[in-house]
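The values are calculated or read from the model by the stated rules, or taken from the named source; none is laboratory data. Because the structure is predicted, anything quoted here is derived from the model rather than measured. Cβ coordinates were reconstructed from backbone atoms using ideal geometry, including for glycine residues, and neighbour counts include every protein chain displayed.
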Amino acid sequence: MIAGVLGGLTGSIAGFASVATYPALLAIGLPPVTANVTNTVALVLNGIGSAWGSRPEIAGQEHWLARSAPVAAAGGGVGAVLLLTTPPSAFEKLVPVLLALASVAIVVPRAISQPGAARRRRTVVAEMVAIFGIAVYCGYFGAAAGVLFLALLLNAGAASLAHANAAKNVLLGLANTVAAVLFAFFAPVHWTAMIVLGLGGLVGARLGPIVVRHAPATPLRILIGVAGLILAVKLGVAAYF
């Protein structure tokens, strides 16, 4: 339960939920694949709590989220299928690099210019491709997938860190939910652990957006970026050495 609350809080702030919850499931003796799919199903409640807490920032983003939601949902489904049909190490060497780049991008988001119509169409396509790719990773494993989403949204012109975080919570929740539905039918979910972890995550995730809403944006961005870099190094050492 404590790991769930911590995961919900960190997940709804920065996308680090699995960093707290996945090791907790391994610590109680679950095999890696069972822990992974149980964690994904439990994170559905994180998504509910974080979206609930992010309602003020979601207002005004409905049109963009309606366009992006099917892409995120499709990516989550593809990631779940990949987990069930490919070796677990398929993404392990790529993830640390992506996470490191995303962490730097969060700390120093680029200025967004107003593009012309043709360039804007290309930008929208690029955003959708990136959302799909991150959602695939989310459905497959998802550790710090929220950091990748957060970096993308900040660099795509989100009004503030809180608005980017709210959109991230919705997209991440959708990708997780689609993957969780598939895992519920086709993977070895440990339901007792899922319920305990999920209820804790619901509480923590509800509180996270409040922290983002009231915390100073720049120090919080730096904290998220530094934490992401530390995790990237940890994952990189595990993947390459």
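Has the range 40-56 got at least one residue that is farther than 17 Å from Leu153 by Cα and either modelled with pLDDT under 80 or among the aromatic types (Phe, Trp, Tyr) (or both)? Checked against the condition, which is being farther than 17 Å from Leu153 by Cα and either modelled with pLDDT under 80 or among the aromatic types (Phe, Trp, Tyr) (or both), the range 40-56 yields at least one hit.
Exactly one residue out of Leu229, Leu223, Leu174 is buried (at least 22 other Cβ atoms within 10 Å of the Cβ) and either modelled with pLDDT under 90 or under 17 Å from the mean Cα position of the chain (by Cα) (or both): that is Leu174. Checked against (1) at pLDDT 75 or above; (2) over 19 Å from Thr40 (Cβ atoms), Ala102 passes all but a single condition, namely (1).
Being crowded, with 23+ Cβ neighbours inside 10 Å, more than 16 Å from the chain's Cα centre (by Cα) and at negative phi is true of Gly200.
Can you tell me which residue within the range 144-160, out of those that are crowded, with 24+ Cβ neighbours inside 10 Å and aliphatic (A, V, I, L, M), is nearest to Gly53 (Cα to Cα)?
In the first step, residues of the range 144-160 are kept if they are crowded, with 24+ Cβ neighbours inside 10 Å; the result is 144-151, 153-154.
Keeping just the survivors that are aliphatic (A, V, I, L, M) gives 144-145, 147-148, 150-151, 153-154.
Values: Ala144: 20, Ala145: 19, Val147: 18, Leu148: 21, Leu150: 17, Ala151: 20, Leu153: 18, Leu154: 19 Å.
Applying the filter and picking the extreme gives Leu150.
Selection of first residues in the range 53-64 that are within 10 Å of Ala167 (Cβ to Cβ) and of second residues that are modelled with pLDDT of 90 or more and in a loop (DSSP other than H, G, I, E, B), restricted to Cβ pairs under 7 Å at least 6 apart or on distinct chains, gives an empty result.
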